[in-house]
Amino acid sequence: MSIWEKYYSKPNPVYGNKVQFGMLIDISKCLGCHTCSMACKSTWTDNPGQEDMYWNNVNTKPYGKYPREKGSKDPVLYDYKNSNLYEDTPMGKYPNLWQFYLPRPCNHCATPACLPACPTRAIYKRADGIVLIDQNKCQGYQYCIKACPYKKIYYNKATKTGQKCIMCYPLLEKGREPQCVSSCTGKIRIFGDLMDPNSTISQIIRDPEKGARPYRPESKFKAVHRYLNKGERRQYRPDWGTIPSIWYIPPKNVPPEEAEKYFGHALKGLISEPYTPEGPIKFPEG
């Protein structure tokens, strides 16, 4: 059974949603220009307390390693809160250097870790699969921030609430795409309903040989001005078990063993990269 069949061919067994909006992002074509980040920020996070929030950010991978002083025995720490810390620092030795850009919105997971962690039930999943935080119910306990392995929930000190990517649902309700999709200069994102077997995004995820080409009225393959590379479609850190709704075409210039650390097959990826100074969060089975 394919990953698509397992997760998207039937209603969500936990939350019952029959629609799951998501994205497919072709990493090899990401320019690292941060246009998506700026479009998102200027639209949603220009209020007090949101100065350091980037609901959609583009990380350089590998990144986030604090440099150690010579002779120090302190462990190398990773910081997912600083969106562009130590950006553009490649790994490897010349001439075999590698790095890649990783756009990271909230994954709006099929089984989000943040939702059950909320003691006030402020976090909920809409009928279209989008995960939101009710600002009127949120009491700012920040358990959701600790629970999210992707570190994509922020605490607003002005409102004393948790806030995160809303997948531009007010724009979706007007028939528009999310800002990070429509603003992308490289046209590397495909947005749609993962549970619709006839949607462009689900067709491309199920068939690695397909790529979205510029829209031609006679083709009925509506993906305007976009062309994605062929190859595997994977989730970022699927081994964390939340079933992310953001999918990627992994970069081509990365050693396979390194790409596996970031894009391991569902529930079988490696966990050698810690995402908090304390180490990985343990999720209960089931």
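The values are calculated or read from the model by the stated rules, or taken from the named source; none is laboratory data. For clarity, every value in this text was computed on a predicted model and none was experimentally measured. Note that each Cβ is placed from the backbone with ideal geometry, even for glycine, and that neighbours are counted across all protein chains shown.
Brief remarks follow.
- For Gly140, the stated conditions hold: it is more than 21 Å from the chain's Cα centre (by Cα) and over 24 Å from Thr35 (Cα atoms).
- Selection from the range 1-36 of residues that are without any contact (Cβ under 8 Å) to a residue 60 or more places away in the chain and surrounded by 15 or more Cβ atoms within 10 Å (Cβ to Cβ): His34
Residue by residue, here is whether (1) in a strand (DSSP E or B); (2) at pLDDT below 55; (3) out of contact with any Ser or Thr (no Cβ under 6 Å at 6 or more places or on another chain) holds:
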residue: Lys210; (1), (2), (3): no, no, yes
residue: Thr242; (1), (2), (3): no, no, no
residue: Trp247; (1), (2), (3): yes, no, yes
residue: Glu258; (1), (2), (3): no, no, yes
residue: Tyr262; (1), (2), (3): no, no, yes
residue: Lys268; (1), (2), (3): no, yes, yes
residue: Ile271; (1), (2), (3): no, yes, yes
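- Among the residues of the range 186-200, those that are without any contact (Cβ under 8 Å) to a residue 24 or more places away in the chain and assigned to a loop (DSSP other than H, G, I, E, B) comprise Asn198, Ser199.
- Filtering the range 7-18 for residues that are at pLDDT 95 or above and either among the charged types (D, E, K, R) or in contact with an Asp or Glu (Cβ under 8 Å, 6 or more places away or on another chain) (or both) leaves a non-empty set.
- Selection from the range 146-174 of residues that are touching a helix residue (DSSP H, G or I) at 6+ places or on another chain (Cβ under 6 Å) and crowded, with 20+ Cβ neighbours inside 10 Å: Cys148, Pro149, Ile153, Gly162, Cys168
- Output for the range 47-61, where each listed residue is part of a loop (DSSP other than H, G, I, E, B) and touching a residue at least 60 places away in the same chain (Cβ under 8 Å): Asn47, Pro48, Gly49, Gln50, Asp52, Met53, Trp55, Asn56
- In the range 25-46, the residues that are modelled with pLDDT under 95 and either among the basic types (Lys, Arg) or part of a loop (DSSP other than H, G, I, E, B) (or both): Lys29, Cys30, Leu31, Gly32, Cys33, His34, Asp46
- In the set (1) among the small types (Gly, Ala, Ser); (2) farther than 20 Å from Gly129 by Cα; (3) surrounded by 14 or more Cβ atoms within 10 Å (Cβ to Cβ); (4) at pLDDT 80 or above, Ser202 fails one condition alone, (2).
- Given (1) acidic (Asp, Glu); (2) more than 20 Å from the chain's Cα centre (by Cα); (3) buried (at least 16 other Cβ atoms within 10 Å of the Cβ), index of the condition Asp134 fails: (3)
- Summed over the range 127-156, the residues that are touching a Ser or Thr at 6+ places or on another chain (Cβ under 9 Å) and charged (D, E, K, R) give a count of 4.
- Strands (runs of 3 or more DSSP E) contained entirely in the range 92-162, each with at least 2 residues that are closer than 21 Å to Pro48 by Cβ: 131-133, 153-156
- Residues of the range 175-185 satisfying the condition of being surrounded by fewer than 18 Cβ atoms within 10 Å (Cβ to Cβ), assigned to a loop (DSSP other than H, G, I, E, B) and not β-branched (Val, Ile, Thr): Gly175, Arg176
- Residues of the range 1-58 that are under 16 Å from the mean Cα position of the chain (by Cα), closer than 18 Å to Lys125 by Cα and not aliphatic (A, V, I, L, M): Gln20, Phe21, Gly22, Trp55.
- For the range 226-238, a residue qualifies if it is within 14 Å of the chain's Cα centre (by Cα) and not in a strand (DSSP E or B), and the qualifying residues are Arg233, Tyr236, Arg237, Pro238.
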